[in-house]
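What follows draws every value from the coordinates through simple rules; no lab data is involved. It should be emphasised that the depicted structure is a prediction, and the values quoted were computed from it without experimental measurement. Every residue, glycine among them, receives a Cβ derived from its backbone with ideal geometry; neighbour counts consider all protein chains shown.
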Amino acid sequence: MYDNMTHVSNDCGYFIFCFRLLSGTVICAWGEDGAAAMTVGGDVTTSLIYAPHKVVDTLGAGDTFNAATVYALSNRADVTSAIKFGCFVAGTKCGGVGLKKIKGLQNRLREFCCTE
């Protein structure tokens with residue numbers, strides 16, 4: 001039942017179990033280790049971080065990742081594109097104080113996916 005768990009962190013084991021029961025896609029953000037997702041079919045996709053030149057403020061980076069990923073998915077991005085966009089926005093956020101650096105980044109979603 002858990003053959004695909006070898007591809008993702010053991011920290012997400014509980015979420016993968018819920019995924020199997022609820023038949024949804026699981027997305028795990030891992031901070032400086034990027035993010036990963038597992039689809040209903042068991043396919044695993046990952047994204048590296050988009051690190052700023054200098055990390056200034058990480059408070060809220062996880063929430064920023066979640067919001068950007070949900071935004072991308074709600075705009076018909078595939079899961080891989082969505083987590084890459086989430087990592088990009090969260091990484092950009094870490095390069096500045098507060099949320100000032102991410103203003104307008106929603107306009108860059110097309111750079112991460114082919115759908116509109």
Conditions (1) closer than 15 Å to residue 37 by Cα; (2) in a helix (DSSP H, G or I): number failed by residue 108: (1)
Hits in the range 63-81 - residues which are in contact with a Phe, Trp or Tyr (Cβ under 9 Å, 6 or more places away or on another chain) and under 18 Å from residue 103 (Cα atoms): 68, 69, 71, 72
